[in-house]
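Written below as structure tokens is the structure these notes are about.
The values are calculated or read from the model by the stated rules, or taken from the named source; none is laboratory data. Note that this is a predicted model, so its numbers are computed, not measured. Cβ atoms come from the backbone with ideal geometry, glycine included; neighbour counts cover every protein chain shown.
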Amino acid sequence: MWVGSAMFVVSMLLPSIEASGPSGGVVMTRVTPRMSVYFGALSGITVLTGIYLLWRFTGGFDPAVLVTRAGWAFSVGGTAGILAAIVGGVVGKTTATLITAGASLASATEGPARNALMRQVAALRQRLKALGRAVIVLQAIALILMALGHYV
């Protein structure tokens, strides 16, 4: 669910919101609080259950098991999943900053301050896209290594 939800948001929802112009900001303001709770819960549950499963697989993180190919695959996959959760937290904070900057931009008058806000909003959008892609890549690494761990 976490991977699929992230893929949907990064590949479909965010581009649609961006293409909607000013009305996209309204949608972003409404959906972000719910998405923050949703993704926080999904990533937290996924990471905690992954750590528990690694602990069970390795017999309490036994180094002899961790150095096997399967132990390596599960450990690297788990690390990628944890990093995806951390980067996802940065996505949430960046989104909140973007919403605040966008609200300020809507009420700003023409001039240097408005231009600075426009540059900030554009930079935050680019950062959000890059972070979203990073989450997807880390999730893909985790998913592949977790799926193949027993077969290596």
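If we scan the stretch 46-57, do we find a residue that is surrounded by 17 or more Cβ atoms within 10 Å (Cβ to Cβ), closer than 20 Å to R125 by Cβ and modelled with pLDDT of 95 or more?
Checked against the condition, which is being surrounded by 17 or more Cβ atoms within 10 Å (Cβ to Cβ), closer than 20 Å to R125 by Cβ and modelled with pLDDT of 95 or more, the stretch 46-57 yields no hits at all.
So G25 clears everything in (1) among the small types (G, A, S); (2) surrounded by 13 or more Cβ atoms within 10 Å (Cβ to Cβ); (3) without any contact (Cβ under 8 Å) to a residue 40 or more places away in the chain except one condition, right? Which one?
For G25, the failing item is (3).
How many residues are under 13 Å from the mean Cα position of the chain (by Cα) and not hydroxyl-bearing (S, T, Y) if we restrict to the stretch 2-46?
Here the count works out to 16.
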